[in-house]
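One structure is given here, and the rest of the page talks about it.
The values are calculated or read from the model by the stated rules, or taken from the named source; none is laboratory data. Being a predicted model, the structure only gives us computed values, none of them experimental. As a convention, Cβ positions derive from the backbone with ideal geometry for all residues, glycine included, and neighbour counts pool all protein chains shown.
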Amino acid sequence: MGKGTVLSLVEKSKIEAYFESGLSYLKIAEKTGRHRKAIANCMVWGAISYCGTCELQFLTSRMNAQDYNNVLKTAFPHFQNVFQNLQWTFQHDNMPIHTARSVKSWIQGQKIDLMEWPPYSPDLNIIENVWG
């Protein structure tokens, strides 16, 4: 969380429910009595597509490559179900955990089409428009 901010399990579950209902960071902060930055620093992983979204995964700490691999292993069956026989491309940025050898190897092993990502371009990530 943000510097000096610790959220209880009850608060985290409330935040998760509010996220799922579509509330913004500001509205969640008002409802929980926490500063907006504390809510914004609640680590989540999510994905969106033309066909819909995946379930948000709330993270307990900063992720490493192994954690990211586990997130992908959990999320990809959902993607395969959503897209079924459609051709689709996975996109993530150049964050070090995304470019780790183990992550690249897993993605290649799954025969997932991965979009090339230009360096230093987080503004291209469509998810940034969702979080806003």
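At pLDDT below 90 and surrounded by 17 or more Cβ atoms within 10 Å (Cβ to Cβ): which single residue out of PHE76, PHE58, PHE83, PHE90 fits that description? Can you show your working first?
Values: PHE58 fails: surrounded by 17 or more Cβ atoms within 10 Å (Cβ to Cβ); PHE83 fails: surrounded by 17 or more Cβ atoms within 10 Å (Cβ to Cβ); PHE90 fails: surrounded by 17 or more Cβ atoms within 10 Å (Cβ to Cβ).
On inspection, the qualifying residue turns out to be PHE76.
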*Any idea which residue in the range 41-55 is nearest to the chain's Cα centre (by Cα), counting only those that are surrounded by fewer than 15 Cβ atoms within 10 Å (Cβ to Cβ) and part of a strand (DSSP E or B)?*
VAL44
*Show the residue pairs that are 6+ apart or on different chains and have beta-carbon atoms under 6 Å apart, the first residue being within the range 68-80 and within 9 Å of TRP106 (Cβ to Cβ), the second being aromatic (Phe, Trp, Tyr) and loosely packed, with under 13 Cβ neighbours inside 10 Å.*
none
*Just one of (1) aromatic (Phe, Trp, Tyr); (2) under 17 Å from the mean Cα position of the chain (by Cα); (3) at pLDDT 90 or above trips up TRP106, so point out which.*
(2)
